[in-house]
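Peer 1: Supplied in structure tokens, the structure appears directly below.
Any read-out appearing in this document is the output of simple, stated calculations on the displayed coordinates, not a laboratory observation. This one's a predicted model, so the numbers in the text were calculated from it and none came from an experiment. Positions of Cβ are backbone-derived with ideal geometry, glycine not excepted, and every protein chain shown enters the neighbour counts.
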Amino acid sequence: MGIFDEIKKKLSHEFIDIVEWLDSSNDTIVHRFERYQNEIKNNAQLIVREGQTAVFVNEGQLADVFTAGTYTLSTKNLPILTTLKGWKYGFDSPFKAEVYFVNTRLFTDEKWGTKNPFMLSDNRFGLVEIRAFGTYSFRIIDPGKFVVDVVGTDGNFTNYEVNEHLKSLIVTRFTDTVGEANLPIELYAANTSELSETCQEVMQPEFNRVGIELEKFYIENVSMPEELKKEIFEYSRLDKLDMTKLSQFKAAKAMEAAAKNEGGTAGAGMGMGMGFVLAQQMGNMMSQPSNQPTGNKPQQAAAPAPPPVPVQVSYFYALESQQAGPVSFDRLKELFASRTINKDTLIWKQGMDSWTTLKEVEELKSFLGGNTPPPLPSA
């Protein structure tokens, strides 16, 4: 053996190629292994660490994929690449191929959110604007598909790049899912866990198409304009309150406030009103017959006859083209206050020839707030 053969043999042993990637960053998802003209020696050592996958690509076509382990690259463990290259009897060193290392660890605490508010239709409040944001986690489960469909020829594909694609997908699917849920607007913020699970199920097939698994998806907050929040709070309070008692309470508070304003017109009017009421009560007392007869023996006063039992009037109303009821006057008033019915709702009670709108029923006109008493007479 000549001296040059010895040198060649020595060099081939000392410079056997090693193909590996040591990840020094926290945000790299795909790294392309760089070699001069992408040349890899025969019997080169491929080292794939835990949380990595090596993907071989030949002229833009997916070839062999390697999971964690150490491999000696030859025709035995490069079956797809051997077929693509047409190596029937082995291959001469070096050969050309692109090697992409894919980070398959779990990427957690990724942020998403709606850049602009989106519109929802609510049965009571009409069109409303809401925003939402949260977090999600994902991992690459099909490195070959991900490299071919998403990465392309990018030599260093980062977490930021894939997140821009995923965030757009998340926001689109989130708005579609929330719109189809058709929940009352106040329930979105109270059911974020259930909505999160539903959204994850809807989004998962979209992620799988590019080789990604959506591990977790969380909705942290659903927000709406402050004026809408106030309306919802007021509606919730009215829905729970006894409207008759509330009206009595507000009337009593108004009388108390007016009585305290002794120097003002309201105080004078209140004093006059209370005087009229007192005078009427005294007149009623004077007009009643005396309980004491002219004789020496007291005579027991005859008990006054009780008034007739009031007849409870029942009302029927139309709701979404369906007949509802019967309900009492007070219950009908509560339904009007909670916006379940309005002035144009059709009403019917016994004695009426046909259905009539609420605003045309005489005793129900008080719901509209138009029954204002005339001014008190002057002193």
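Peer 1: For Gly325, what is the net charge nearby, where nearby means another residue's Cβ is under 11 Å from its Cβ and Lys, Arg count +1, Asp, Glu -1? Please report the intermediate quantities before stating the final value.
Peer 2: Working: positive: Arg331, Lys349; negative: none.
Overall, the nearby charge balance is +2.
Peer 1: Here is a further query. Quick one: Karplus J couplings for the stretch 200-207, per residue in order, coefficients 6.51, -1.76, 1.60, θ = phi - 60°, nearest Hz, x for Gly and Pro?
Peer 2: 4, 5, 5, 7, 3, x, 5, 5
Peer 1: Further, regarding this structure: Determine the sum of side-chain charges near Ile170: Lys and Arg each +1, Asp and Glu each -1, restricted to other residues whose C-beta is under 10 angstrom from that of Ile170.
Peer 2: Details: positive: Lys167, Arg173; negative: Glu110, Glu206.
Neighbourhood net charge equals 0.
Peer 1: Another question, then. Quick check: residue separation of Asp17 and Lys76 times 0.36 nm, minus the Cα distance between them. What number comes out in nm? Before the final figure, lay out the partial values.
Peer 2: Numbers: separation 59, 0.36 × 59 = 21.24 nm, distance 1.74 nm.
Extending this stretch completely gives an extra 19.5 nm.
Peer 1: For the peptides 320-331, 97-108, 167-178, what is the packing order when you average, over each peptide's residues, the other Cβ atoms within 10 Å and list the highest mean first?
Peer 2: Details: 320-331: 12.3, 97-108: 20.1, 167-178: 17.3.
Result, highest mean first: 97-108, 167-178, 320-331.
Peer 1: Full-extension gain between Glu50 and Ser321, please, as 0.36 nm times their residue separation minus the C-alpha to C-alpha distance. Let's see the in-between values first.
Peer 2: Numbers: separation 271, 0.36 × 271 = 97.56 nm, distance 6.44 nm.
Here the segment from Glu50 to Ser321 would lengthen by 91.1 nm.
Peer 1: For the stretch 107-225, what Kirkwood radius comes out of the mean inverse Cα-Cα distance, in Å? All intermediate terms of the calculation are to be shown ahead of the outcome.
Peer 2: Numbers: mean 1/r = 0.0657 Å⁻¹.
Hydrodynamic radius (Kirkwood, Cα pairs) of the stretch 107-225 is 15.2 Å.
Peer 1: Another question, if that's okay. If we sort 126-137, 352-363 on the protection proxy, mean other Cβ atoms within 10 Å, highest first, what's the order? Display every interim value, and only then the final one.
Peer 2: Numbers: 126-137: 16.4, 352-363: 12.0.
Listed from highest to lowest mean packing, they are 126-137, 352-363.
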